[in-house]
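Please treat every number below as a calculation from the coordinates, not as lab data. The structure displayed is predicted, hence computed values, not measured ones. When we count neighbours, we look across all protein chains shown, and the Cβ atoms used for this are built from the backbone with ideal geometry, even at glycine.
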Amino acid sequence: MTAVPTSDAPLTDLPHGFRDDEQRRRVRRVVHDRLADDREPQECRYLMRFWWQLGMTYQEVSVEELRRNVGGRKLAAVLELISAIRSSHEGIDAWWAAAERAFPVVEDRGFNAVADGEG
């Protein structure tokens with residue numbers, strides 16, 4: 001297990017920690033499809049900022065903001081991902097596999113409402 005970040009160091013290094021674009025896309029897909037749930041709008045907002053951070057070298061979100069706005073298992077998963085990105089490509093692969101097992105795909109309620117003619 002990798003060390004969980006304890007400081008509020010900038011996350012601007014994260015885009016450079018992936019093996020390749022495919023690994024980054026897989027991880028971002030998990031954050032988007034399995035962690036960011038619009039039923040929790042504040043948490044979703046910060047998880048989506050984290051999703052952007054994984055591809056951007058400017059400061060989109062901080063660890064402190066994530067700690068304040070993301071709860072429980074999802075926060076633990078995000079912090080573990082940050083540590084994995086800073087540790088090894090294999091750690092990222094292990095995080096991805098574990099997160100896919102631990103978190104189901106979130107149903108996009110807004111899309112479904114529009115598709116059903118409610119929106």
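Can you tell me what percent of all Cα-Cα pairs in segment 14-105 are more than 20 Å apart?
Taking all Cα-Cα pairs of segment 14-105, the fraction more than 20 Å apart is 26 percent.
What is the Cα centroid distance between segment 22-47 and segment 79-109, reported in whole angstrom?
Segment 22-47 and segment 79-109 have Cα centres spaced 11 Å from each other.
Only four residue types carry charge here, +1 at the Cβ of Lys and Arg and -1 at the Cβ of Asp and Glu. Report the dipole size of segment 28-71 about the Cα centre in Debye, rounded to the nearest 20.
On the way: 8 positive and 8 negative charges, 21 e Å.
Value, rounded to 20: 100 debye.
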